[in-house]
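Here's the structure we're looking at; comments come further down.
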Ligand SMILES: [Zn+2]
Ligand SMILES: [Zn+2]
């Protein structure tokens, strides 16, 4: 069920109110704190885009060494073997587990790269406008928010294997330096997406919508 | 911009004219303003612009959430101490509990990673359960909410993206395949407890309507 409303949308800000993003209550513009939940109130987070870019850059910087250094170091009786994220996925594919190889590649390569591009696009379009309708851009933002956490799966796999495969000289698995930088990259990118004030997606188009009528 | 007085929207602001501020709801994602109307149990009120779910009341949600949260608390505590996964190869074997997994990075001087993993798969989910329990316990029994209930529920919402138990559960499946040619892996009792826990957590989230909880906390002493 959608809440019924006629005509162009009235925003809390256009009505002279400030909305609480935590509990959805509205207050007169300028109220510093939400009287219901105690959250800090801001009609638009004006520093939002700066924070987005700062975390975004940190995420990209951490992602580069995450791909260059080994994620997993395997020692068996016959070999000492260090594999990177992509290298590990290729090996698994060689063993015939295409499904698992695909999961790793999607979670560790496709999703992080897609996230970097999507967040950059959202931040740029919030500032400079876009021909893509805000509804679609908002949908993109939701996908980024939902899917970002799943990149942690590779870090957890490394944790599970390092805890479990400790069979003295027969087989031993230890985490490589990429495990740390990859985890950092995922966290920074999550923080970047969280810093984005999604209300900025809508402002420009709603202002255009309202202008001819007044 | 419309003039506003402190408690009422004035005439001339369209369909919302004359509405009291406490009867309005603003979409946290896109700032669209609506007159809040409680949908029927099981129905959802969705933002017309961005399709964010604003209100989604469920019948007997409070008591169900409390029971499920209690079940999860018991499961996660038990899962910590039983063996989680076991491995065997060439006559050698090893078992790892959830704690071993969470702290596995310690051995290789990656303490930051160890703490982070422990936080995301055990501490944050556990903390969220306690916070939700603290928030809802008096409310469900029609008592005054605890004095820190608002802060507790705010924290529980903020922590939500960082509770990653379900991602960890899928990670177990991937790990299994990764070492399939190296050794045999078996699931311990804790693994099954953890899997049930993940399913309950997903069910639990579907009962939790944030707006309804905030509404019920309005009576809390400040
Ligand atoms: Zn609030
Ligand atoms: Zn909305």
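The values are calculated or read from the model by the stated rules, or taken from the named source; none is laboratory data. Everything quoted here is computed from the prediction, not taken from an experiment. We place every Cβ from the backbone using ideal geometry, glycine too, and count neighbours over all the protein chains shown.
Before we move on, is residue A:44 within 16 Å of ligand 2 (Cβ to nearest atom), more than 7 Å from chain B (Cβ to nearest Cβ) and either in a loop (DSSP other than H, G, I, E, B) or crowded, with 20+ Cβ neighbours inside 10 Å (or both)? First the steps, then the outcome.
Numbers: within 16 Å of ligand 2 (Cβ to nearest atom): yes; more than 7 Å from chain B (Cβ to nearest Cβ): yes; either in a loop (DSSP other than H, G, I, E, B) or crowded, with 20+ Cβ neighbours inside 10 Å (or both): yes.
So residue A:44 passes the test.
Name the helices (runs of 4 or more DSSP H) wholly inside the stretch A:79-141 in which the number of residues that are within 11 Å of another protein chain (Cβ to nearest Cβ) is 1 or more. Spell out the reasoning first.
On the way: elements: A:85-94, A:98-105, A:111-128.
By residue number, A:85-94, A:98-105.
Does residue B:117 fit the bill of being more than 16 Å from ligand 2 (Cβ to nearest atom), closer than 30 Å to residue A:77 by Cα and within 19 Å of the chain's Cα centre (by Cα)? Give the derivation first.
Numbers: more than 16 Å from ligand 2 (Cβ to nearest atom): yes; closer than 30 Å to residue A:77 by Cα: yes; within 19 Å of the chain's Cα centre (by Cα): yes.
So residue B:117 passes the test.
Taking the stated definitions as given, is residue B:57 more than 10 Å from every other protein chain (Cβ to nearest Cβ), modelled with pLDDT of 75 or more and not in a helix (DSSP H, G or I)?
Values: more than 10 Å from every other protein chain (Cβ to nearest Cβ): yes; modelled with pLDDT of 75 or more: yes; not in a helix (DSSP H, G or I): yes.
Spelling it out, residue B:57 is indeed more than 10 Å from every other protein chain (Cβ to nearest Cβ), modelled with pLDDT of 75 or more and not in a helix (DSSP H, G or I).
Given the conditions (1) touching a helix residue (DSSP H, G or I) at 6+ places or on another chain (Cβ under 7 Å); (2) under 24 Å from residue A:65 (Cα atoms), report the number of the one that residue A:187 does not fulfil.
Only one criterion is unmet by residue A:187, namely (1).
Tally up the residues in the stretch A:149-161 that are without any contact (Cβ under 8 Å) to a residue 60 or more places away in the chain and at the interface with another protein chain (Cβ under 8 Å from one of its Cβ atoms), please. So that I can check it myself, show each step before the final result.
Kept after step one, since they are without any contact (Cβ under 8 Å) to a residue 60 or more places away in the chain, are these residues of the stretch A:149-161: A:149-153, A:155-157, A:159-160.
Add one more test, that the residue is at the interface with another protein chain (Cβ under 8 Å from one of its Cβ atoms), and what stays is A:149-150, A:152-153, A:155-157, A:159-160.
Of the residues in that region, 9 qualify.
Quick check: anything in the stretch B:110-133 modelled with pLDDT under 90, away from ligand 1 (no atom under 16 Å from the Cβ) and in contact with a strand residue (DSSP E or B) (Cβ under 9 Å, 6 or more places away or on another chain)?
yes
Determine which single condition residue A:29 fails, assuming it passes every other condition in (1) under 18 Å from the mean Cα position of the chain (by Cα); (2) within 22 Å of residue B:33 (Cα to Cα).
(1)
Please verify whether the stretch A:121-129 includes one or more residues that are crowded, with 16+ Cβ neighbours inside 10 Å, under 30 Å from residue B:215 (Cβ atoms) and more than 16 Å from ligand 2 (Cβ to nearest atom).
The answer is no, given that none of the residues of the stretch A:121-129 is crowded, with 16+ Cβ neighbours inside 10 Å, under 30 Å from residue B:215 (Cβ atoms) and more than 16 Å from ligand 2 (Cβ to nearest atom).
When you look at residue B:70, is it at pLDDT 90 or above, buried (at least 16 other Cβ atoms within 10 Å of the Cβ), in the same structural domain as residue B:204 (by TED's automatic domain parsing) and touching a helix residue (DSSP H, G or I) at 6+ places or on another chain (Cβ under 8 Å), yes or no?
On the way: at pLDDT 90 or above: yes; buried (at least 16 other Cβ atoms within 10 Å of the Cβ): no; in the same structural domain as residue B:204 (by TED's automatic domain parsing): yes; touching a helix residue (DSSP H, G or I) at 6+ places or on another chain (Cβ under 8 Å): yes.
Against the criterion (at pLDDT 90 or above, buried (at least 16 other Cβ atoms within 10 Å of the Cβ), in the same structural domain as residue B:204 (by TED's automatic domain parsing) and touching a helix residue (DSSP H, G or I) at 6+ places or on another chain (Cβ under 8 Å)), residue B:70 does not qualify.
Yes/no per residue for (1) outside the structural domain of residue B:86 (by TED's automatic domain parsing); (2) buried (at least 18 other Cβ atoms within 10 Å of the Cβ); (3) without any contact (Cβ under 8 Å) to a residue 40 or more places away in the chain:
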| residue | (1), (2), (3) |
| --- | --- |
| B:129 | no, yes, no |
| B:150 | no, yes, no |
| B:171 | no, yes, yes |
| B:188 | no, yes, no |
| B:194 | no, yes, no |
| B:199 | no, no, yes |
| B:202 | no, no, yes |
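Have a look at A:16, A:38 and point out the one that is within 14 Å of ligand 1 (Cβ to nearest atom) and facing chain B (nearest Cβ under 8 Å). Steps first, please.
Numbers: A:16 fails: within 14 Å of ligand 1 (Cβ to nearest atom).
None of the other options fit; the residue is A:38.
Of the conditions (1) surrounded by 21 or more Cβ atoms within 10 Å (Cβ to Cβ); (2) more than 9 Å from every other protein chain (Cβ to nearest Cβ); (3) outside any loop (DSSP other than H, G, I, E, B), residue A:183 fails just one. Which one is it?
So the condition that residue A:183 fails would be (2).
Just give me the residues in the stretch B:22-51 being surrounded by 18 or more Cβ atoms within 10 Å (Cβ to Cβ) and not in a strand (DSSP E or B), in sequence order. Spell out the reasoning first.
Let us first name the residues in the stretch B:22-51 that are surrounded by 18 or more Cβ atoms within 10 Å (Cβ to Cβ), namely B:24-34, B:36, B:45-47, B:49-50.
The answer is B:27, B:28, B:29, B:30, B:31, B:36, B:47, B:49, B:50.
Can you report the number of residues in the stretch B:177-186 which are free of Cβ contacts under 8 Å to residues at least 60 places away in the same chain and more than 7 Å from every other protein chain (Cβ to nearest Cβ)? Outline the logic, then answer.
Keep residues of the stretch B:177-186 that are free of Cβ contacts under 8 Å to residues at least 60 places away in the same chain, which gives B:177-178, B:180-181.
Subset that is more than 7 Å from every other protein chain (Cβ to nearest Cβ): B:180.
Of the residues in that region, 1 qualify.
Residues A:21, A:36: which one is out of contact with any strand residue (DSSP E or B) (no Cβ under 7 Å at 6 or more places or on another chain), in contact (Cβ under 8 Å) with a residue 12 or more places away in the chain and within 16 Å of ligand 2 (Cβ to nearest atom)?
On the way: A:36 fails: within 16 Å of ligand 2 (Cβ to nearest atom).
None of the other options fit; the residue is A:21.
Among the numbered criteria (1) surrounded by fewer than 20 Cβ atoms within 10 Å (Cβ to Cβ); (2) part of a loop (DSSP other than H, G, I, E, B); (3) modelled with pLDDT of 90 or more, which one does residue A:57 miss?
Going through the list (1) surrounded by fewer than 20 Cβ atoms within 10 Å (Cβ to Cβ); (2) part of a loop (DSSP other than H, G, I, E, B); (3) modelled with pLDDT of 90 or more, residue A:57 breaks only (2).
Limited to the stretch B:158-175, what total is found for residues that are in contact with a helix residue (DSSP H, G or I) (Cβ under 6 Å, 6 or more places away or on another chain) and more than 7 Å from chain A (Cβ to nearest Cβ)?
6
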